[in-house]
Amino acid sequence: MAARKRMRALGKVLLVLLVVSLVRAFLFQTYRVESMSMQPTLVPGDRIISFPLPVGAVTVFGKLPRLTGMERGELVIVNPDPFPTESRWFLAWDSMARFFTFQYYSPMGSRYGDDAVTPGVYRVIGLPGDTIRRKGALYDLRPAGSSVFSNEFALAKGNYALSGITASPLVSPAIGLSTEQTMAADQYFIACDDRSLLAGAALWGPVGSERIVGRVIAVCWPPRRLKIP
């Protein structure tokens with residue numbers, strides 16, 4: 001009887017862990033903002049909620065197909081580049097370990113450091129088929145099938161503010177694309193809101209949808225910062 005009680009208790013614990021993991025994988029993930037790259041929309045210390053399912057939930061079996069398209073101007077969670085030298089078995093083990101420990105333990109992070117597994121928050125600037133060019137601190141876009149460039153605000157869903165748009169003696173806001181670049185199929189151009197930084201697609205090129213793992217839907221902490229970005 002004692003053994004059966006222990007097995008039932010263990011089963012309940014495993015069921016709770018599975019339910020919580022499924023909720024986190026498909027419905028809600030929380031992240032703490034550590035950098036100043038998305039100021040003024042997000043500041044260090046903000047706790048944000050992301051919705052993984054629309055952009056393709058990440059499970060132990062891999063990333064699911066996305067349910068909706070992404071839109072210019074929205075905030076997304078982007079995974080870092082995977083290490084191509086690692087075997088599929090190690091990457092699968094890393095995915096499973098992160099899944100069942102609620103992202104608190106990662107074999108990849110233990111081996112290469114936290115930066116190897118820490119996602120970033122970025123704003124979607126360009127969609128597949130868009131042609132992008134940088135003009136000062138802003139990006140101009142020419143959607144597929146159009147012959148006219150428009151600035152990023154004219155085509156974005158919703159409004160947002162930028163920082164770092166005034167030249168400083170250390171970092172120039174003109175850093176980024178010097179020529180036009182067209183997004184291929186399933187490629188997205190992402191950028192920080194602090195345009196004095198060389199980050200996002202301006203640094204390492206467009207990203208595929210497989211690296212976009214969540215749509216930011218709210219700032220949930222601290223209370224004075226509650227908002228839908």
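Just so you know, all these numbers are worked out from the coordinates, no wet-lab data involved. Remember, predicted model here, so these are calculated numbers, not experimental data. Every residue, glycine among them, receives a Cβ derived from its backbone with ideal geometry; neighbour counts consider all protein chains shown.
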Relative contact order for the chain: what is it in percent, counting Cα pairs under 8 Å that are at least 6 residues apart?
25
Between Gly11, Leu155, Ala184, whose Cα lies farthest towards the positive end of the dipole of the chain when Lys and Arg beta carbons carry +1 and Asp and Glu beta carbons carry -1, centred on the Cα centre?
Gly11
Provide the packing ranking of 47-53, 195-201, i.e. peptides ordered by the mean count of other C-beta atoms within 10 Å per residue, highest first.
195-201, 47-53
Separation of region 28-43 and region 178-210 by C-alpha centroid, Å?
19
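To the nearest 20 debye, what charge dipole does the chain have about its Cα centre, counting +1 at the Cβ of each Lys and Arg and -1 at the Cβ of each Asp and Glu?
On the way: 26 positive and 17 negative charges, 243 e Å.
Here the chain has a charge dipole of around 1160 debye.
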For Arg88 and Ile228, what does the FRET efficiency come to when R0 = 35 Å and r is the distance between their Cβ atoms, rounded to the nearest 0.05?
0.35
Peptides ranked, highest mean first, by Cβ atoms within 10 Å: ranges 27-33, 187-193:
187-193, 27-33
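Can you give the extra length, in nm with one decimal, that the chain gains between Val16 and Phe28 once fully stretched, where that is 0.36 nm per residue apart less the Cα-Cα distance?
Numbers: separation 12, 0.36 × 12 = 4.32 nm, distance 1.59 nm.
Going from the current span to full extension adds 2.7 nm.
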Spin-label pair Ser35/Thr118, simplified geometry with 7 Å Cα→Cβ offset, distance in nm
0.9
Within the set Thr131, Thr118, Thr182, GNM on the chain using Cα springs under 10 Å gives the largest fluctuation to Thr118
Give me Rg over Rh for the chain, both radii from the alpha carbons and Rh done the Kirkwood way, two decimal places.
1.03
For the chain, what is the percent of antiparallel DSSP beta bridges, rounded to the nearest 5?
95
Excluding residues on the same chain fewer than 8 positions from Lys135, give the lysines whose Cα lies under 21 Å from its Cα.
Lys157
